[in-house]
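Reading through the structure tokens given below for one structure.
Coordinate-derived values only; no laboratory data. The shown structure was predicted, so the numbers you read here are calculated from the model rather than taken from an experiment. Counting neighbours? That spans all protein chains shown, and the Cβs are built from the backbone with ideal geometry, glycine included.
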């Protein structure tokens, strides 16, 4: 079972990555090609967060896996939006 502290740390990291990626998405959608590098970095951070969530799920209990699944869905949704952004 994953510890409470490790779950909290992961969720804090994921939420920070999501906030940054959302900001970069908004900026990129307004500035055409001027923010491509920052958007690419944000997308890489999202992928790393997604992988961290998947790893944590391997040692999580049922309740924790449900929380991790919801986080994974949030990350995937933003990844999809960013992928579809016309750059």
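Across the stretch 4-84, the relative contact order, built from alpha-carbon pairs under 8 Å that are at least six residues apart, equals 34 percent. Packing order of peptides 3-13, 46-56, highest average first: 46-56, 3-13 (average count of other Cβ atoms within 10 Å over each peptide's residues).
Mean-square fluctuations from a GNM of the chain, with a 10 angstrom spring cutoff on Cα atoms, peak among 39, 73, 58 at 58. Result for the chain in a Gaussian network model with C-alpha springs under 10 Å: among 30, 19, 65, the largest mean-square fluctuation is at 30.
Which label marks the calculated value of semi-axes √(5λ) of the Cα gyration tensor in Å, given the options (1) 28, 11, 9; (2) 38, 12, 8; (3) 19, 18, 11? Among (1) 28, 11, 9; (2) 38, 12, 8; (3) 19, 18, 11, the one calculated here is (1).
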